[in-house]
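Below is one structure, written out as structure tokens; comments come after it.
The values are calculated or read from the model by the stated rules, or taken from the named source; none is laboratory data. In this text the structure is predicted, and so the values were computed from the model without any measurement. Using ideal geometry, Cβ is built from the backbone for each residue, glycine included, and neighbour counts are taken over all protein chains shown. Heads up: the accessible areas ignore ligands, DNA and RNA and are worked out on the full protein's heavy atoms, side chains in. Shrake-Rupley method; radii C 1.70, N 1.55, O 1.52, S 1.80 Å.
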Amino acid sequence: MTLSSMSFVPSEMTTAEVEASELLYGGLAQDVRHLVDVAIRTNVDADRVAAARALVRQAEQVLAEDASTEPAGIQFNTEGRSWNWGNAVVGVRNAIAPPVILRWSDDGSVRSEVDLGVAYEGPPGCVHGGVSALLLDHLMGETASAAHTRLIVTGTLTLRYLQPLPLGRVRMQAQVTNEDDRKVTVTAHLGPDGGEPAVEATGLFIVPRWAREGSVSGSLD
């Protein structure tokens, strides 16, 4: 698949309609997150598992009555609002996403706190290293986008794992450390709430040539 400005889809939805949709389907996604979590931890007997599976299949059939076969993609409206509901990190409608909520600071850095439960486990009691990489890649891409004023893609991402990251509340932060024409360097770290960083990262992000003259800005991570 080739990315271009055509990868962004204009929508006739108003911002009010977008927010109402996020409230509706975001609630559904949160219910599914809870289901995934308890499905990992449950010890109920075979009959109860069979009953639960029947209910899950019933829910799947109801939702499939009107479901798109296309990727969620990135959409935007004429009010300047954009949304990426299927994103694996921040997707409001994606039950796989924690989801991460980002906060921009006046100095250009971006921060976030997120709860990572058993669905994100790697080593016993700890966050999977690939999940840490996923979160940092997105955080750093958003940081490189300069609050969505330019479109960037990840060029390289280097991570240094300093110590195991326990499941639970995680904090992360990123900032731009260098800019050179189409190249943006970002550094970041991620660690337990109130603890020392468990993962440090450096990334090189690129402004695609086709994006320099396009009218769409943002992050594709």
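Values for this structure:
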item: Per residue accessible area of the range 1-142, 1.4 Å probe, in Å²; result: 63
item: Percent accessible area from carbon and sulfur atoms, the chain, protein chains only, probe 1.4 Å; result: 53
item: Environment charge of VAL118, counting only residues whose C-beta is closer than 9 Å and scoring Lys/Arg +1, Asp/Glu -1; result: -1
item: Net charge dipole size for the chain [Lys, Arg +1 and Asp, Glu -1 on Cβ; Debye, nearest 20]; result: 420
item: For CYS126, residues with placed amide H under 5 Å, excluding near neighbours; result: LEU167
item: Stretch gain in nm, segment SER105-LEU24, where the contour uses 0.36 nm per residue and the Cα spacing is subtracted; result: 26.2 nm
item: Projected label distance in nm at ASP193 and ASP45, using a 7 Å step from Cα toward the beta-carbon; result: 3.8
item: Peptides ranked, highest mean first, by Cβ atoms within 10 Å: ranges 126-138, 17-29; result: 126-138, 17-29
item: Helix runs (DSSP H) in the chain reaching 27 Å along axis by Cα, Kyte-Doolittle at least -0.5; result: 15-41
item: Label-to-label distance, nm, for residues given as ASN178 and ARG57 (7 Å Cα→Cβ offset); result: 5.7
